[in-house]
1. Pairs of alpha-carbon atoms within less than 8 angstrom and 6+ residues apart define the contacts here; what relative contact order does segment E:45-106 have, in percent?
2. Averaged across the residues of E:77-86, what count of C-beta atoms belonging to other chains lies within 10 Å of each residue's C-beta?
3. At 1.4 Å probe size, with the rest of the protein present, what percent of the exposed accessible area of segment A:13-97 is carbon and sulfur atoms?
4. Label position 7 Å from Cα toward Cβ: report the copy-to-copy distances for D:Arg61 in nm, one decimal, ordered from shortest.
5. For a Förster distance of 30 Å, can you work out the FRET efficiency between the beta-carbons of E:Arg168 and D:Tyr100, rounded to the nearest 0.05?
6. Sorted from shortest, what are the nm distances separating the label point of A:Tyr100 from equivalent points in the other copies, each placed 7 Å from Cα along Cα to C-beta?
7. Using a Förster distance of 45 angstrom, determine the FRET efficiency expected from the C-beta separation of A:Glu160 and F:Ala18, and round it to 0.05.
8. Suppose a student asked you for the relative contact order of segment C:35-74, using Cα pairs under 8 Å spaced at least 6 residues apart; what percent would you report?
There are 6 protein chains.
Amino acid sequence: MELSDFTNALEKILLGTARKIMLTPGERERTAYHESGHALLGMLQPAGDPVRKISIIPRGRALGATFQSPESDRYGFEAGYLRGRIIGALGGRAAEEIVYNEITTGAESDLEQVTRIARQMVGRWGMSEAVGPVSVLPGPLDEPLLFPGVGDRSSERTRELVDSEVRRIVDECYNQALAQLRTHRDQLEALAHALLEHETLDELDAYRFAGLAPPEQLALRPAARTAART
Amino acid sequence: MELSDFTNALEKILLGTARKIMLTPGERERTAYHESGHALLGMLQPAGDPVRKISIIPRGRALGATFQSPESDRYGFEAGYLRGRIIGALGGRAAEEIVYNEITTGAESDLEQVTRIARQMVGRWGMSEAVGPVSVLPGPLDEPLLFPGVGDRSSERTRELVDSEVRRIVDECYNQALAQLRTHRDQLEALAHALLEHETLDELDAYRFAGLAPPEQLALRPAARTAART
Amino acid sequence: MELSDFTNALEKILLGTARKIMLTPGERERTAYHESGHALLGMLQPAGDPVRKISIIPRGRALGATFQSPESDRYGFEAGYLRGRIIGALGGRAAEEIVYNEITTGAESDLEQVTRIARQMVGRWGMSEAVGPVSVLPGPLDEPLLFPGVGDRSSERTRELVDSEVRRIVDECYNQALAQLRTHRDQLEALAHALLEHETLDELDAYRFAGLAPPEQLALRPAARTAART
Amino acid sequence: MELSDFTNALEKILLGTARKIMLTPGERERTAYHESGHALLGMLQPAGDPVRKISIIPRGRALGATFQSPESDRYGFEAGYLRGRIIGALGGRAAEEIVYNEITTGAESDLEQVTRIARQMVGRWGMSEAVGPVSVLPGPLDEPLLFPGVGDRSSERTRELVDSEVRRIVDECYNQALAQLRTHRDQLEALAHALLEHETLDELDAYRFAGLAPPEQLALRPAARTAART
Amino acid sequence: MELSDFTNALEKILLGTARKIMLTPGERERTAYHESGHALLGMLQPAGDPVRKISIIPRGRALGATFQSPESDRYGFEAGYLRGRIIGALGGRAAEEIVYNEITTGAESDLEQVTRIARQMVGRWGMSEAVGPVSVLPGPLDEPLLFPGVGDRSSERTRELVDSEVRRIVDECYNQALAQLRTHRDQLEALAHALLEHETLDELDAYRFAGLAPPEQLALRPAARTAART
Amino acid sequence: MELSDFTNALEKILLGTARKIMLTPGERERTAYHESGHALLGMLQPAGDPVRKISIIPRGRALGATFQSPESDRYGFEAGYLRGRIIGALGGRAAEEIVYNEITTGAESDLEQVTRIARQMVGRWGMSEAVGPVSVLPGPLDEPLLFPGVGDRSSERTRELVDSEVRRIVDECYNQALAQLRTHRDQLEALAHALLEHETLDELDAYRFAGLAPPEQLALRPAARTAART
């Protein structure tokens, strides 16, 4: 079995079989820009995981997908890496805003993912100076009455602080996403057009169409992370 | 089976069989203006779905209905389109206010729908600048203690912000609904009178009586959305 | 079966059989004024449903009852009509305050009904300008986590607004109830004395003793609404 | 069976059989003052129910008891009558404060009863001008999500208002209880000493030792209300 | 069976059998001061229950214990007596602070007991002037929706008042505990050293080593209350 | 069985068998600094438990581990000892910040532990002057409605106070952790390099490589506490 067979099989498991649905040309184009936004920002983050594949073939609930995965398993993530992931996840929405000057519902799951990462940075991983190195979110095993040690029963002021820190991080990342896409607008266009033509781009093509050098290849063990667009 | 048979069958499934109830002439007239308000505003929104049918024959709990459906399945909605849907859904109440200068309980489900859309625009789809591109409503799968990533335990300040943004969007849309109906008062009257005479208007008649050009026809696959009036 | 048989049967179903309890003369008199307050205000509201019967024969938990029902089934209620119902429901308490200058526990269920109507006017039917045309009460089918569209998780500020609007509406209606009963004090006395003498007054007698013209009779289909007094 | 047999049987049902426990002389004296405070204030309220019996024989959890019951069944209570009941229920504590200048845990259930009455006056019976004629406590049948009409989800400001009105009513009543007992200190002493001597006082003796005229006797149907002291 | 047999049996039931655990000399000394703090303050409170036994033999989860019990069953407690109990319960911690100038986790259950008493003084027994003679804690039988009479749904302001009154009472008592132990430091030392030498002190020895006259003996019915130290 | 066999067996029970996972050199180095931070600070706290073993062999979910255990069982902990444990638990994160100037998700469970200890210091063990010697966290057995004595229904102000005291304690400890590691940077480097070379360091080696005198040996009963790093 060749590697491409393997990744194809993996894709099916992760996203379901390709689905025959009829997108309007406008929707197909918007999907191409949305995925290109994810992919281009994914490629541009210094510490980001390599982009493995981009596709605008609808699968399951998603109209398109961008795969990224690290060269090898990772244990522990730096704050900078997590910001890069937030920037990448906001890339779909940022591309739509830049290209169409209009926002759609298509980024719903991106925003959920982004918020989830940012809330954990602030409330569980001590990555906000304003909140400090304390845990203020209840943990998975927190039984509030039995072990009220951590985030349960946080005061309103703490919840407000978490909300505003989450907002700050996401806003900063979104501004970076917009700025980077504007700086690399030509590459966004090139990638989107390539995607509209080829529907699916493999790793090397993705970097090539974006005019970027692919990351040095190490062991290629594909553990996929998807930034799907419904 | 002709298309009209199909849409008739669909209507029964969606709204139940026509119900023999005795409306007073006043209630019948108010229903006609209410549905005409929905329909006329539905037709007037630039990006809106075509109006397929208007009816003041009581069905199930509803005294009348306005059907709108897109030319083809849609995947992802722009903020502008959603505002148009809010405007249309408020059209029944706006028509009653303009014509009778009195508000009734008949718009209860319209207001629920309107609030639901606006809350998701603000809290799930990132369409309010004040709230930003974060998710602040719990998602369908959010198990608050296990995955506290998103909207769970939002601070009071965030909830206040969501409420006031929802209010702002709905107010803006309601003012637009009132303004558009006042501008097109003659067309509202024409549509309501046609409805009182014919009880049910098909797509072409609806646009004709409203004095508007029907949208260009594409594939006619009726997926109905109802703005029912109880 | 004559109509009176029918309404008698209906009364038994709605209020239970007449109960043999021994009221003191004072309690009987207070009940007469309480029911007369409901009935007279019911008759005086311009858009109100006709008063069908008044009684001070204890039934079930109630010491007396005032029946009102529309000429025919109604679908949708105007804000003005709902205010009239609040005024009528407050009539029992208002009469006690005017006649005895003392308030009793007897209006408990009236106040519940009044609050329920006012809260829905404000939070579900968009009848408060301060709250606007949004739904801020959870609907009967609202599953907060699955469909957080509407009233769930309203902010404290919104709840405060709802409370103060409810208070405003009820206060305005109560002041109107007091003012109307004071203006029509003679009619209140006449009605109460007739009730003490006859125990039960039918529609025509009720209007006659109150010195008011009965509403024009249309189809007489009795669907009873009760303002009971425990 | 004589009436005294009847009331004795009733006492057993209501309070349990007399219990052989050994009170210290100090505890017995305090109980006598506590019950005398209840009884004397009960006798002094203009609209109060007659005092039927006072006892310092421990029964069940109670060290003593004061029975009051109306001449006949009552339906609906005036605000003034309810204030009188609060004053009487606070009489035990007020007597202890006046006589011993010390407060004990013995009034726990009195305070619960007092708070319960005051909260319903304010939140259910419309007897506070500050809260107005609205229901702000959830009713026994209120299913918050299905019928959010009444007190559910009251705003914090409303809850604060209820708390402060409850506090105001109870404070006013307690001050009246203290003032009346101070004015009638001799009668309090007489009653307490009679109680220490006789252990149980029937209606006529109770009024006689307190130097008060008994209320005119009407039908004597004893429905007991207890102000027990643990 | 002699009395000492009886109290030994009672001890086993209450605290479990003596446990063979190896305390360091430092821990054993700290335990001796902790129990001596409880015991000495227990002896010094004017209205306090006599101290029956002190022990630093570990039993169950406790490293030591101080028994106090009244001369006879008591019914109702004065506010002053309850303050005395709080002072005694804080005596262990106060002794540790005075002797070692360091606080340990060993007073956890003392603080729970202290808080529990103070909260009930404030919220259930009307012993705080700031809160007044009202019940603001839910009672054991309070079913909030059915009987919302008492402490359920207290406003935030009331909860704040309860918290600050609890804090005031406990602070006042703790300052008294510190002051009394400082005044009687020699007696604390004497008691702790006696305890280190004898491990268990009976009533007469306890008072003798503390240099205090034992309370006059009345009926000796031991109902134990423990101030255990883990 | 030699002691080392015993501790090896214990390790397996506590952390699971060593796991064969492939860390990148960077991750392995970061783990070494993280564990060295825990260990060095553990050794430096005056009242701390001796460090028994340090390891960067992944086990279960942990990439490394530092074992500390007291010379003998302890009963009751001083506030100073608890602060030392917080400092030690923050040592992993502090080392990463000093060495890499970047924070990672690897300290998640450290922060949970730190917060848990600090919250109990403040809310259960009376170790915050601002909160005082009261219990403000619900205990494990607190059934809020039945025994509302302690931390249940704490006011918002109290929760805010707890949060800010927790924050203060953790911040102070973190600053100490940073300061101590900066002062002992050479020792941190030495320990980390030794760990990278040997993978596991026993007690004597750990102290020797850190250039510190091992604590005097008493009975060596290993009860392990781990500061694992995932």
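The values are calculated or read from the model by the stated rules, or taken from the named source; none is laboratory data. In this text, all values refer to a predicted model and were calculated from it rather than measured experimentally. Positions of Cβ are backbone-derived with ideal geometry, glycine not excepted, and every protein chain shown enters the neighbour counts. The accessibility values were calculated without ligands, DNA or RNA, using every heavy atom of the protein model including side chains. Shrake-Rupley method; radii C 1.70, N 1.55, O 1.52, S 1.80 Å.
1. For segment E:45-106, the relative contact order is 28 percent.
2. For peptide E:77-86, the averaged partner shielding equals 3.
3. 58
4. 2.6, 2.6, 4.5, 4.5, 5.2
5. Computed FRET efficiency for E:Arg168 and D:Tyr100 comes out at 0.85.
6. From this label point to the equivalent ones elsewhere in the assembly: 3.9, 3.9, 6.8, 6.8, 7.9 nm.
7. Result of the calculation: an efficiency of 0.50.
8. Value for segment C:35-74: 38 percent.
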